[in-house]
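Below is one structure, written out as structure tokens; comments come after it.
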Amino acid sequence: MFDFLIVLVILINVRLLATGRIESLISWTAVQGVILGVFALYSRQAHLSVDVFIIGLGALLLKGLVFPAFLLHTTKIVVTSRETEPYVGPIGSLLIGMVALVVSLWLGTRLPIPGTDTSHLLVPGTLFSIFTGQFLIISRKMAISQAVGFLVMENGAFMIGVGTLYYAPFFVESGVLLDMFLAVLIMTVLITDMNRAFHHIDTHELSRLKG
Amino acid sequence: MIRLLHPLLALLFAPLLQGIIMKTQAFFAGRQGPPVIQPYHDLARLFRKGAVFSETTTWVFRAGPAIGLTIGILCLIFLPLGNMPAMVSFHGDLIFLIYLLSLHRFFTVIAAMDTGSAFEGMGASREMSFSALAEPAFFFGLATIARLTGTLSLDQLIHGININLWQTHVGSLALVVVGLFLVFLAENSRIPVDDPSTHLELTMIHEVMVLDHSGVDFGFIEYAAALKLWILGSVIVGIAIPVRTGIPGIDISAMCLGLICLAVIIGIVGSIMARLRLLQVPQLLVGACIFSVIGFLIQ
């Protein structure tokens, strides 16, 4: 089951690299969020308590519903649906993604997690998610795609967190989720303001300050 | 004797799979459709006809269909069906089979180009472009299974797939099956890659290459296409259905049922999906490659 969920996360990352449609990016990130929520609940089922359950369910709702809803709402406001000219096209992104997956799998063999009986795909899956997020931020021009990249990167960090720690203090985990919530909120507000001021959200054209 | 069974089954029932696909599509379209044995009637009709050859063609054009059919029959010799062994098996026959299929494509393409028609040349160009993407996916898919079972012989490779292997490597095997299924659709000119029922559209791939063939030659091409459907289908079914009881009746029935289900799935996919734009086909095949490569990497 662990392997299956991690493979799903990896496949969604590949899908994110291949798509240029912003709605599709957000939808698949939502699916990834739901999978990670299930992953969080499943990985701690042996130590399931009220606070662990709340964190798992909270992650599922925030990553799977709330963040995507914010981003979709922003997409409608700024009337942008497609990444028209990314720095790297879909096929190029996929090929780079494959190289990153190979590197992640190799690093996964070099970075074993001591004292745990977790899946051997956890570290590669995490590294690949972080890479995918970073690559989306670097290779896409639209600010919303970059916000999605940030979410995917955080999903990777979340996965290794819940996959290796059976228990973390409630306030730490809820604090991280709250940080994420605020980050996404600020990003959506910034994107909306950017669109209002410049009539676009293409970060490539933001190289000079406007008087 | 049992080693002869699979080639005989394939030679007899390969056109039936096409009939099942047509029947399924007719069912989804709300029509009664042709009978499932319609491909046999079509083949019989074509074999009764004489062939017409353009004056611009050479022996390459005439030899293409016969060589294609011969290669199709040759492939059956090396192909097991689940627990049913192949007629001939040797270390590395897996790679030999892939090359035989490539040879089949080569002769179809060269026969199409021999006509001198720009239209057929276009189809040939598309066929080779897409096969350049489909072949790595097929290679990686079989390489994954070869790595899991520790053999390069197709016979032992398919024989080595069982429920235990599926339980321990479900992720890899599922990805390989999906990747091979996409290749299967592309190689057999099925929707969403191509539509075998169209004959005069600019987006078609395989059908455009065989437009100038007629009569017996076209019958050979149709029969070879049915065999190719069976060949690739039996590889997928052999991987996807891990029934290896050792009782021939059950094993053979499971595989035949699997092939029928595969034909129904193709019919359903053809009914509920539109054909992809030509520019999107490479993306689908790259996707198939990625499924196979990830399956290979994560085991």
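Each residue was assigned an accessible area with a 1.4 Å probe, and for B:Ile250 the value is about 80 Å².
Lysine pair count for the protein assembly as shown with Cα-Cα distance under 29 Å and sequence separation of 8 or more or different chains is 8. Mind jotting down the distance between the C-alpha centroids of segment B:165-183 and segment A:31-70, whole Å? What the calculation gives is 28 Å, centre to centre.
Across A:Val14, A:Val31, the residue with the most accessible area heads the list, and the full order at a 1.4 Å probe is A:Val31, A:Val14. Here the contact order of segment B:2-298, divided by its residue count and restricted to Cα pairs under 8 Å and six or more residues apart, works out to 31 percent. Quick one: longest stretch of chain B between exposed loop GluC sites (Glu not before Pro), exposed meaning at most 11 other C-beta atoms within 10 Å and loop per DSSP? Here the longest run is B:56-200. Shape of segment B:6-112 from its Cα gyration tensor (a ≥ b ≥ c, root eigenvalues): rounded if a/c is under 1.5, otherwise prolate when a/b > b/c, or oblate? Verdict is oblate for segment B:6-112. Think of each Lys and Arg Cβ as +1 and each Asp and Glu Cβ as -1; about the Cα centre, that makes the dipole of chain B roughly 520 debye. Based on protein heavy atoms only, segment A:127-211 ends up with 51 Å² per residue of surface accessible to a 1.4 Å probe.
Counting only Cα atoms, the size of segment B:23-66 along its three principal axes is 45, 19, 16 Å, in decreasing order. May I ask you to list the trypsin sites (Lys or Arg not before Pro) in segment B:237-299 that are in a DSSP loop and have at most 15 other Cβ atoms within 10 Å of their Cβ? Of the trypsin sites (Lys or Arg not before Pro), the ones in loops of segment B:237-299 whose Cβ has at most 15 other Cβ atoms within 10 Å are B:Arg277. Is the shape of segment A:14-81 best called rounded, prolate or oblate, per the rule: a/c under 1.5 gives rounded, else a/b larger than b/c gives prolate, else oblate, with a ≥ b ≥ c the square roots of the Cα gyration tensor eigenvalues? Oblate is the answer for segment A:14-81, as a/c is 1.5 or above yet b/c matches or exceeds a/b. Of the residues A:Gly133, B:Met1, A:Ile113, the one whose Cα sits farthest toward the positive end of the charge dipole of the protein assembly as shown, with +1 on the Cβ of Lys and Arg and -1 on the Cβ of Asp and Glu, is A:Gly133. All C-alpha to C-alpha distances of segment B:2-298, sorted into 10 Å bins beginning at zero, yield P(r) values of 6, 28, 37, 23, 6, 0 percent in whole numbers. When the Cα positions of B:Ala26, B:Leu142, B:Ser253 are compared along the charge dipole of segment B:2-298, B:Ser253 comes out farthest toward the positive end, with charges on each C-beta of Lys, Arg, Asp and Glu. With the simple model of a label 7 Å out from the Cα in the direction of the Cβ, B:Glu55 to A:His204 spans 5.6 nm. Contact order for chain A, expressed relative to its length and based on alpha carbon pairs under 8 Å spaced 6+ residues apart, stands at 26 percent. Counting only protein heavy atoms and rolling a 1.4 Å probe, how much accessible area do B and A lose on contact, total for both sides, in Å² to 100? Rounded to the nearest hundred, the buried surface is 1000 Å².
Size check on the protein assembly as shown: the Cα extents along the three principal axes, sorted descending, read 80, 59, 44 Å.
The values are calculated or read from the model by the stated rules, or taken from the named source; none is laboratory data. Values in this document were obtained by computation on a predicted structure and should not be read as measured data. Don't worry about glycine lacking a Cβ; one is built from the backbone with ideal geometry, like all the others, and counts go over all protein chains shown. Surface areas here come from the heavy atoms of the whole protein model, side chains and all, with no ligands, DNA or RNA. Shrake-Rupley method; radii C 1.70, N 1.55, O 1.52, S 1.80 Å.
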